[in-house]
Amino acid sequence: VQRTHKYKEKLQQFVFKLVDEISQDGNWGEVAKYIPALSKVKLEQLEICIYLENGDIVSSTQSFTPFSIQSISKVFLLRNESSGNAFDSIVQLEQENGIPRNPFINAGAIKTTDIILKKKSPENALDEILTFIRDAASNNEIFINEEVAQSEMNSGHKNYAIAHFMRAYGTLDNKPQTVLKTYFHQCSIEMTCKQLAMAGRIFIGKEHKIPHLSQSIIKNTNAIMMIAGHYNGSGDFAVRVGIPGKSGVGGGILAIVPNQASIAVWSPGLNEFGNSKAGTLALEKISNFMNWSLFS
Ligand code: GLU
């Protein structure tokens, strides 16, 4: 597609119409209930922001709502993973022992946080993560929601189980309590779709390279998003949308069109896989409209 002014206008009109249509249909899914603080979020909401590599921005609104980025935080930490081994060994471990619901991402994320904590205190680690995301988004108004973090600390039993499990197998270097407190705070970062689309620029691969983010990290992060970004719905997302993406239980999704765009969508209702229902549908429609699927 030609990147002209007219093309931006067309996409803009499409996005407005899309949000209207999806809102009218009203198939919102259900908000995440297992984190009490998230269960209070109003269901009927959908926001979209698209950053195009030429610097244009297309969005569904001017006033964006901050939401809990949850597992999307993981994509901004992948650079800390020194090798693939931590993932692989944990995947095997988990598979053999049958721990349910996306052990790959949670165990991998907890391990990544553990690696950071080898060299840093929890406060410094969180500072570093926030600074990285703020730099990526060119925006200092990004914070951690303490209420959500506390809510997760009180209710994240599955994550405690995973962390203790890894500790028992000797694959977690720090105390489960310390790692999880840091992990829960990292998941409780709040961003708007605009901030997230801006932060996603670093994975487009063309410009906005920030120091210490090499081409190989960009490539790896996109590949991991492609195969594992949407829990058990990753295959469904690959078929329907066809680009790398990472979702979080807060209802946000960051999707990357390599060399072309960074897209953030948010709608708190989740589908049967735990991914934003309206958000996934919106991405599917946008991807079709723009012919953005890597498989098309
Ligand atoms: N903090 C959440 C958990 O670990 C993140 C879930 C998610 O977004 O995948 O359960």
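Residue count for the range 39-60 under the criterion of being assigned to a strand (DSSP E or B) and of a type outside the set (D, E): the result is 8. Suppose we filter the range 228-246 for residues that are within 28 Å of S39 (Cα to Cα), outside any loop (DSSP other than H, G, I, E, B) and not small (G, A, S); how many remain? Going through the range 228-246 one residue at a time, the tally reaches 6. A count restricted to the range 252-275 and to residues that are crowded, with 24+ Cβ neighbours inside 10 Å and farther than 15 Å from M225 by Cβ stands at 4. Flag set for V249, criterion: part of a loop (DSSP other than H, G, I, E, B) and within 25 Å of E30 (Cβ to Cβ).
Against the numbered list (1) surrounded by fewer than 24 Cβ atoms within 10 Å (Cβ to Cβ); (2) touching an Asp or Glu at 6+ places or on another chain (Cβ under 9 Å), H230 comes up short only at (1). Selection over the range 245-296 of residues that are in contact with a Cys (Cβ under 6 Å, 6 or more places away or on another chain) and of a type outside the set (G, A, S) gives a count of 1. For the range 127-158, residues that are open to solvent by less than 50 Å² (accessible area, probe 1.4 Å), more than 16 Å from the ligand (Cβ to nearest atom) and of a type in the set (V, I, T) total 1. State yes or no: is K175 open to solvent by 10 Å² or more (accessible area, probe 1.4 Å) and free of Cβ contacts under 8 Å to residues at least 40 places away in the same chain? Spelling it out, K175 is indeed open to solvent by 10 Å² or more (accessible area, probe 1.4 Å) and free of Cβ contacts under 8 Å to residues at least 40 places away in the same chain. Does the range 35-42 contain any residue that is under 20 Å from I263 (Cβ atoms) and away from the ligand (no atom under 16 Å from the Cβ)? No - not one qualifying residue is present in the range 35-42.
Name the single residue, out of those in the range 17-34 being within 16 Å of the ligand (Cβ to nearest atom) and of a type outside the set (G, A, S), that is farthest from N271 (Cα to Cα). Here the answer is Y34. Looking only at residues in the range 254-266 that are under 25 Å from L38 (Cβ atoms) and out of contact with any Lys or Arg (no Cβ under 7 Å at 6 or more places or on another chain), the one that is nearest to the ligand (Cβ to nearest atom) is W266.
Within the range 188-203, does at least one residue satisfy the condition of being of a type outside the set (S, T, Y), free of Cβ contacts under 8 Å to residues at least 12 places away in the same chain and open to solvent by 10 Å² or more (accessible area, probe 1.4 Å)? Looking for residues that are of a type outside the set (S, T, Y), free of Cβ contacts under 8 Å to residues at least 12 places away in the same chain and open to solvent by 10 Å² or more (accessible area, probe 1.4 Å), one finds none in the range 188-203, hence no.
The values are calculated or read from the model by the stated rules, or taken from the named source; none is laboratory data. Predicted model only: the values in this text are computed from it and were never measured. Backbone-built Cβ (ideal geometry, glycine too); neighbour counts: all protein chains shown. Note: accessible area is taken over every heavy atom of the protein model, side chains too, but ligands, DNA and RNA are not part of it. Shrake-Rupley method; radii C 1.70, N 1.55, O 1.52, S 1.80 Å.
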